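Worksheet: the structure to be examined is printed underneath.
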Amino acid sequence: MDPRVAATIAIAVAILIPLVWFVATYNTLVRLRNYCRESWAGIDTELKRRYDLIPNLVQTVKGYASHEREVFERVTEARSRAVASMGSPAAQAADENILIGALRSLMAVVENYPDLKANQNFLALQGELVNTEDRIQAARRFYNANVRDYNTRVEVIPSNIVAALFTFPKQEFFEIESACERAAPKVAI
């Protein structure tokens, strides 16, 4: 083989291998970022489902416990705040913590009304709320797993070079602060 051809091939390979790696790394980062966005949309969908259930739950409980106005106002205000929250996952989690606390207060009120606990409409809403909380937990786990994979790729060598070059920022996890708030609101039947 002609030495000039061999040198040309060697130079082409030396240029192509890093170029292929660079493009593959960039595409992987884009794909992982899109997985994070998609899984965040899943959380958002489940949160909206919960937000839609809450007014029905409050109205049902109101019919039995009309003098518990402060609890209803707290739930309504927390729901409004959570619905309006469009910030980072950390900001959304803070608003969700407040809503979960308000829902717990509402469920504590329910304990004082045996007729309400036996009401079929309330039981159906309660079941939907528990189901929705489970779906939110699953969506949160899926999102956080995607964020973990993306952040790992953004931080490890050598892909962090491509991430820094094209400003792929780290993503925030969607976490709830304390262990007691991580559980779905307890609903006693």
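The values are calculated or read from the model by the stated rules, or taken from the named source; none is laboratory data. Small disclaimer: the values here were computed from a predicted structure and weren't measured. All Cβ positions, glycine included, derive from the backbone under ideal geometry; neighbour counts span all protein chains shown.
Some points to look at:
- Taking segment 11-40 as the range and being within 20 Å of the chain's Cα centre (by Cα) and of a type in the set (Phe, Trp, Tyr) as the test, the residues that pass are Tyr35, Trp40.
- If the condition is being under 20 Å from Ala41 (Cα atoms), out of contact with any Ser or Thr (no Cβ under 8 Å at 6 or more places or on another chain) and not hydrophobic (A, V, I, L, M, F, W, C), then segment 75-95 contributes Arg79, Ser80, Arg81, Ser85, Gly87, Ser88, Pro89.
- Counting residues in segment 66-78 that are surrounded by fewer than 17 Cβ atoms within 10 Å (Cβ to Cβ), touching a residue at least 60 places away in the same chain (Cβ under 8 Å) and not aromatic (Phe, Trp, Tyr) gives zero.
- Sole residue being under 22 Å from Ala163 (Cβ atoms), surrounded by fewer than 17 Cβ atoms within 10 Å (Cβ to Cβ) and without any contact (Cβ under 8 Å) to a residue 12 or more places away in the chain, chosen from Ala24, Ala6, Ala10: Ala24
- Of the residues contained in segment 53-67, one or more are found to be of a type outside the set (S, T, N, Q) and within 24 Å of Glu175 (Cα to Cα).
- Matching residues, segment 86-134, being of a type in the set (Val, Ile, Thr) and surrounded by fewer than 16 Cβ atoms within 10 Å (Cβ to Cβ): Val130
- From the list Ala124, Ala163, the one residue that fits, being in a helix (DSSP H, G or I), at pLDDT 95 or above and small (Gly, Ala, Ser), is Ala163.
- Of all the residues in segment 36-57, those that are surrounded by fewer than 20 Cβ atoms within 10 Å (Cβ to Cβ), farther than 13 Å from Ala139 by Cβ and in contact with a helix residue (DSSP H, G or I) (Cβ under 7 Å, 6 or more places away or on another chain) number 3.
- Against the conditions (1) at pLDDT 95 or above; (2) touching a Phe, Trp or Tyr at 6+ places or on another chain (Cβ under 9 Å), Pro169 satisfies every one except (2).
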